[in-house]
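Below you'll find the structure, written out as C-alpha cells, and then a few comments.
The values are calculated or read from the model by the stated rules, or taken from the named source; none is laboratory data. Model, not experiment: these values are computed from the prediction. When we count neighbours, we look across all protein chains shown, and the Cβ atoms used for this are built from the backbone with ideal geometry, even at glycine. The protein model used for the area step is the full one, side chains on, heavy atoms only, and it has no ligands, DNA or RNA in it. Shrake-Rupley method; radii C 1.70, N 1.55, O 1.52, S 1.80 Å.
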Amino acid sequence: MSALVLKKGASRRSAYDLKNPLSDTIETHTLAVLVDNEAGVLARVIGLFSGRGYNIESLTVAEVDHLGHLSRITIVTTGTPQVIEQIKAQLARIVPVHDVHDLTVEGASVERELAMLKVAGTGEKRVEAMRLAGIFRAAVVDTTLESFVFEITGTPEKIDAFVDLMRPLGLSEIARTGVAAMSRGT
Amino acid sequence: MTRQMSGAQMVVQALKDQGVDTVFGYPGGAMLPIYDEIFRQSDIRHILVRHEQGATHAAEGYARSTGKPGVVLVTSGPGATNAVTGLTDALMDSIPLIVLSGQVPTFMIGTDAFQEADTVGITRPCTKHNWLIKDTDKLAETIHFAFHVATSGRPGPVLIDIPKDVQFATGRYTPPKKVPRSHYQPQVKGDIDAITALVAAIEKAKKPVFYTGGGVINSGHGASQLLRELVAGTDFPITSTLMGLGAYPASGKNWLGMLGMHGTYEANLAMHDCDLMINVGARFDDRITGRLEDFSPKSKKAHIDIDASSINKVVHVEIPILGDVAHVLEDVLKIWKSRGRKTNTEALRGWWQQIDKWRAVNCLGFHNSDSVIKPQHAIQRLEALTRGMDRYVTTEVGQHQMWAAQFMGFEDPNRWMTSGGLGTMGYGLPASIGVQVAHPQSLVINVAGDASFLMNMQELGTAAQYDLPVKQFIMNNERLGMVRQWQQLLHGERYSHSWSEALPDFVKLADAFGGKGILCEHPDDLDDAINAMLAHDGPVILDCRVEKHENCFPMIPSGKPHNEMLLGDATTEGAIDTGGAVLV
C-alpha cells in the first residue's frame, strides 16, 4: 500500500511505513517547521499543541530568511506514532506553515542546544567547575572572583550531564535555548 | 491598475471584486467608515441582523445553500465576541465564512479602549486563519487572500480585523488578479496508486458500504453526481453522516438512511459488518463510530479527504486518499471503468439479502397516537406535504434535529443546513434567514425545538424587516428534549433543569414580530396547520405541541458499538453503563 501523500508536511517515509501505526509506544520526535514570519504565527503553533493536548518538550523559533520573511520553529514533542502523525498533519494545515519536517524519521540529523550556567563558589569547587568545563568544552563568558558564567553547546543530553555535574559545585542559574536541529547531508 | 482609495472603500471594492452580493452584519463604532461605504452603493445587499451570532449563522445558511462563501460584518469588542460561536460552528462543519470585524484604531490597541477585545487572539482557535490589518496598503490583498483560504482545501471561516484608522486611511487597492500566488494551495488530485488500490478493493469486496459526509457537499454538485454514478455502477449500499444528507438521494434504492448515534439499524449494522468501508468526505466523528475499539472490526477502510489531518486521526485506514472528493471520484470511476467495471456480484447479492433483513426491522417505527401529536408523525406529515417542492430545511439542535434527519428525505445536496459538529442550539432560525435571502422564491423551513428556538428568536425581527417568509416549525414539548432523554437513560430520571416553565406564547410572539402564528395541538389538525403555514406569504411560527416525553430512537448509547443499538421498543433501563455516562 502506498503511503499517504502529503503536499506539505510529513514525507512519504513517515512513521506509518516504519512502525506499527497502532503502537502505543511513546516516541520523541524533532520537527522543523518553516513558517511565514508574521504576527501570531508562534501563537498558532503553540495554541495547536495546547488546544489538542500535545506535549512540547522544547521549542525554539527565530527568523532564518529575512528577505523571504521565513522563520524556523524547531519543536521536540512526544507521542504515539499516531499522535506524531496527527501533530505533523495539524501543523501542515496551518496557513502560514510552508513545510513540516520530521527530522527523527527523515534520516540522520544533528541537534544542538546552547545553555548558559552561572556557577558560584570559591576554592576547590571553583577549580573543579573550571576543570569540568574544560572537559565539556564549555566557554567562560563572564567571571568574577566568586562566579563563572559558562556557555555550553551540544546535544540536550550533553547539557543535562553538564548541569548535573555543576549542581553540587554551586550552580545558581540556568538559561537554555531549546533545540535547533538539521538533517545531515544535502 | 492600482487605485488609491480609503480602507473602507477598499473593503466594499474587494467584496464586489469577489462577486459578493449579500453581507450579514451589525454596525458599531469601529465599523462606521465601512458602513458609510455600504450606504453609498447598491451592488451589495446588507442584511441587518439582531445579534452578531445571528449574522454568522445566517451567513452559514447562505453559504451552505449556495456553495458560495458567506460574508459577515461585525464591530469590535462585543460584536466580534458574539461572532465566536458562529465561527466555531463554521470551523467544525467546514463552512466558508469571511468575517470582517472592526477594531479600535491601531494607536489605541492594547490600551483597553472602549469596545476593544483581542479579536485575533480570541478567534485564532476558531478560524481557519485570521489577520489583523495594520497597513491600509495590505487590506485589499488580505481580503482577496482570505477568500482563497476560506474556499480552498477544506473550507472554513476566516476573520479580518480592521482597525478604524486603517479604514479611514488612504492606500493602494490591489485587485484580485494582482495578488501574489500563495504557497497555500491544497492538493485536490488524489494519488493514483492509492486510487487504484481502492478500485481493486471495490472489485473484490463482498460486503462493501459507502460512508459519505459533508465533504461531498463541499466538493460541489459534480461530486454528488459522480458519487451517484459510482453507487449506481457498483450497486453498493450507501449511508451518510448528518452533514452529508442529500449527496445521494433519499429515494435512491441503495440508500440505507443516516448512520451514527441516531442512525438507522441497517446503516449501522452495515457499517459494523462490512468488509470494505469507503469513507468519502467524512471524518469518523464520535457520533458515528461509537466505541472505537469495536468500530467496524472486520473491514478494510478507505478514506477520501482533502484534509490530511482528518486521515488516521482516530480510525486507522488501509487506503488513505488525500484529495478533493470530486477529483478523486472522477479518477476512481475512470480507473474502475477501464478495468472492466467489475464487482463481486454474487457476494453482493447475499449482502443485500442481509441488509434487507435489517431493513425489515423497521427501526424508525413508532407508536402513533390519535390524541397526541407524536414528533415523528409531525415530521412525517411535514415531509409528505412538502415533498417535491423547491425546499430547503434548516434545524436547531436536539431531538427534533435527529427526527428531521431520520424522517425527511433529501434528494439533492445543499438543501439541508444543520449544526453538526458543534451542535449549536439557536443555529436554525438565523440559518433559515440566510437561506431565504439566497433563495427568495424557495420554501425554507426551520425544524425547531422550543428551547433552541428561544436562543436566537430575536432574528424574527430580521425576517420581518426583509419580508423573508421563513417557516418556523417548532416541535414544542416544553422540554430540552435530548437533555431530558439522556437524564432518563443515564441519570435515574432526575430531570435537572431540562424543562421550560415559562415559555412564551409562540403565536403571540410571531404576532409581536409582525409574522403569523399558528397553534396546533391535535393530530387531526396537523395537516391543516402545516398547509396554513405553507400558504402564508411571510414569516410563520407553527407552534406544534408534541408528546412531551418521546425518546429519539434508534440510539447507540455512549460507549457502545454499532451492533448494540437501542430500538424504539427496547427496554432502556440500565442500557447505558457508568462507563458510557462519562462520554458526551
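The phi-based Karplus calculation (6.51 cos²θ - 1.76 cosθ + 1.60; θ = phi - 60°) puts the 3J(HN,Hα) values of region B:195-212 at 5, 5, 5, 5, 4, 4, 5, 4, 5, 9, 4, 9, 9, x, 8, 8, 10, 10 Hz, whole numbers, x for Gly and Pro. Annotation: amide H of B:Tyr173 within the under-5 Å range of B:Arg3, B:Gln4, B:Met5, sequence separation 5 or more or interchain, hydrogens built in the peptide plane.
Accessible area ranking (1.4 Å probe, heavy atoms, ligands and nucleic acids excluded), largest first, for A:Arg52, A:Arg184, B:Arg415, B:Arg50: A:Arg184, A:Arg52, B:Arg50, B:Arg415. Averaging Cα coordinates gives a centre for region B:184-238 and one for region A:136-186; these two points are 56 Å apart.
The calculated FRET efficiency for B:His549 paired with B:Lys189, based on their beta-carbon distance and R0 = 41 Å, is about 0.20.
In this structure, the pairs whose alpha-carbon distance is over 31 Å, taken from B:Lys207/B:Lys334; B:Lys138/B:Lys313; B:Lys128/B:Lys374; B:Lys357/B:Lys560, are B:Lys138/B:Lys313; B:Lys128/B:Lys374. Spin-label model, B:Ala384/B:Thr345: points 7 Å from Cα along the beta carbon direction are separated by 3.9 nm.
A crude spin-label estimate for the pair B:Ser371 and B:Lys206, with each label 7 Å from Cα along the Cβ direction, gives 5.3 nm. Using the Cβ-Cβ distance between B:Asp235 and B:Leu443 with R0 set to 35 Å, the FRET efficiency from 1/(1 + (r/R0)^6) comes to roughly 0.55.
Work the Kirkwood hydrodynamic radius out for chain B: mean of 1/r over every pair of different alpha-carbon atoms, inverted, in Å. Present the calculation step by step, with values, prior to reporting the outcome.
Details: mean 1/r = 0.0403 Å⁻¹.
24.8 Å is the Kirkwood radius here.
Shielding by partners for peptide A:88-98, expressed as the average number of C-beta atoms from other protein chains within 10 Å of each residue's C-beta, is 5. Take each residue in B:304-313, count the other chain C-beta atoms within 10 Å of its C-beta, and the mean is 5. When B:Met533, A:Met182 are compared by accessible surface with a 1.4 Å probe, the order from highest to lowest is A:Met182, B:Met533. Annotation: the antiparallel percentage among DSSP beta bridges lying fully within the protein assembly as shown is about 45. Each label was represented as a point 7 Å from its Cα along the Cα-to-Cβ direction; for B:Asn362 and A:Ile46 these points are 6.2 nm apart. Close lysine pairs were tallied over chain A: pairs 8 or more places apart or on different chains with Cα atoms under 20 Å apart number 4.
Of the residues B:Thr106, B:Gly19, B:Ala90, the one whose Cα sits farthest toward the positive end of the charge dipole of chain B, with +1 on the Cβ of Lys and Arg and -1 on the Cβ of Asp and Glu, is B:Gly19. Go ahead and collect, in residue order, the members of region B:368-391 whose backbone nitrogen is under 11 Å from a label point 7 Å along the Cα-Cβ direction of B:Asp524. Correct set: B:371. For B:Ile306, the residues whose modelled amide H falls within less than 5 Å of its own, excluding neighbours fewer than 5 places apart on the same chain, are B:Gly323.
Once you reduce region B:452-508 and region B:252-275 to the center of their Cα atoms, the two points are 30 Å from each other.
Panel values: region A:23-102, Kirkwood radius from alpha carbon pairs, Stokes-Einstein at 4 °C and 1.567 mPa s, translational diffusion coefficient 102 µm²/s.
The distance separating the Cα centre of region B:304-330 from that of region A:47-120 comes to 25 Å.
Of the beta bridges DSSP finds with both residues in chain B, what % are antiparallel, to the nearest 5?
10 percent
Bridgeable aspartates and glutamates around B:Lys189 (alpha carbons under 16 Å apart, same-chain partners fewer than 8 residues away excluded): B:Asp305, B:Asp307, B:Asp324, B:Glu330, B:Asp331. Using a probe of 1.4 Å, the accessible surface attributed to B:Cys363 totals some 10 Å² when neighbouring protein chains are kept in position.
In region A:109-183, what percent of the accessible surface is made up of carbon and sulfur (1.4 Å probe, ligands and nucleic acids excluded)?
So the carbon and sulfur contribution to the accessible surface is 57 percent.
Our summary of shape: the Cα atoms of the protein assembly as shown have principal axis extents of 100, 67, 58 Å, ordered from largest down, in whole angstrom.
Relative contact order for chain A: 25 percent, from Cα pairs under 8 Å spaced at least 6 residues apart, divided by residue count. The helix-only estimate of mean residue ellipticity at 222 nm for the protein assembly as shown, built from DSSP H runs of length n ≥ 4 each weighted as -39500 (n - 2.57), is -10500 deg cm²/dmol after division by the residue total. Which FRET efficiency value, to the nearest 0.05, is calculated for A:Thr143 and A:Ser23 with the Förster distance at 45 angstrom and r the Cβ-Cβ distance? After rounding, the FRET efficiency stands at 0.35.
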